[in-house]
Amino acid sequence: MNNVNPRDYRWNSFNVLISTFEIFISSKVRRNDVKDDDPDLPRLRITRFPYEDLKAMTGDFNINLGEGGFGSVFLGILPSGIRVAVKCLDGFGQIRRSFLVKAGTIGTIHHVNLVRILGFCAEKSHRLLVYEYMCNGSFDKWIFHNDQEFDLCWQVRRKIIVDIAKGLDELHEECHQKIIHLDIKPQHILVDEHFNAKLAYFGLSKLIDKDQSHVITTMQGTHGYLALEWLSFVIKEKVDVYSFGIVMLEILCGRKNVDHSLPSDEVHMLTLFQVQSRIRTTIGHD
């Protein structure tokens, strides 16, 4: 039997103890990472990006594409060279729930008129979504402007109206659950290089089972695009249809529904239509 040097034995035991301690610490860190995440995140069926990877892809979040609902959007470039839009979500609570709605539900829908969610990041306090990049940005700059460069012909305007309608039909009729967007407006319509329009930013979205006719929720959305149903807090997909109607009028008229820079009797676009309707009715009776 070989003699064992007590010093070597103690040294080897010490190394084993250190290694065990390192494994324990490492596993504890990993457990803490998981603990801080939402329990539903492992079930999401889209790509999960490490935060450091997204930080590198965006050049440390260098190019700001704009401020969307619940956070800022930055330009990123995937290793393949494809450009993406990376949205950094702010806060928790409702933001965490909206994050799961977006990543878990909208991320599984592939429709030509809905902006695709390509992936997400959830590490500690970081919550980010990776969207397909739309080079022509949000649609508001194409209809609310004083620059002839952004003028769109009627054929393009008509196409964009049809694209939005198709996107809403997908959300309301074709998905496993009805999805009510709740914040349809030009800023939430993105345009690609071919002027295909896509609905985006589903932070306020609500899911309704097919056998449900409505959902009860607090008032949300943007002033000027809210249907009268919001007064009762009993919401159906019709609230999106109303908002879509307002957007359609804005596209056709080339002005905002509510514009406080105009004279007081022209601030509200719908008021002008109501006045014209009364005039036509009066003339018809005469």
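Would you please put 136-144, 207-215 in order of how densely packed they are, using the mean number of other Cβ atoms within 10 angstrom per residue and starting with the highest? Present the calculation step by step, with values, prior to reporting the outcome.
Details: 136-144: 18.9, 207-215: 12.3.
Highest mean packing first, the order is 136-144, 207-215.
Quick one: His188, His126, His268, fewest Cβ neighbours within 10 Å first, how do they rank?
Working: His188 26, His126 14, His268 17.
So the residues, fewest neighbours to most, are His126, His268, His188.
Could you work out the per residue convex hull volume over the alpha carbons of the range 140-254, in cubic angstrom? Working shown, then result.
Values: hull volume 11.4 nm³, N = 115.
Output value, Cα hull per residue: 99 Å³.
Where a number appears in this text, it was derived from the coordinates with a stated rule and is not lab data. Source: prediction; values computed, not measured. Ideal geometry is used to build each Cβ from the backbone, glycine not excepted, and the neighbour counts take in all protein chains shown.
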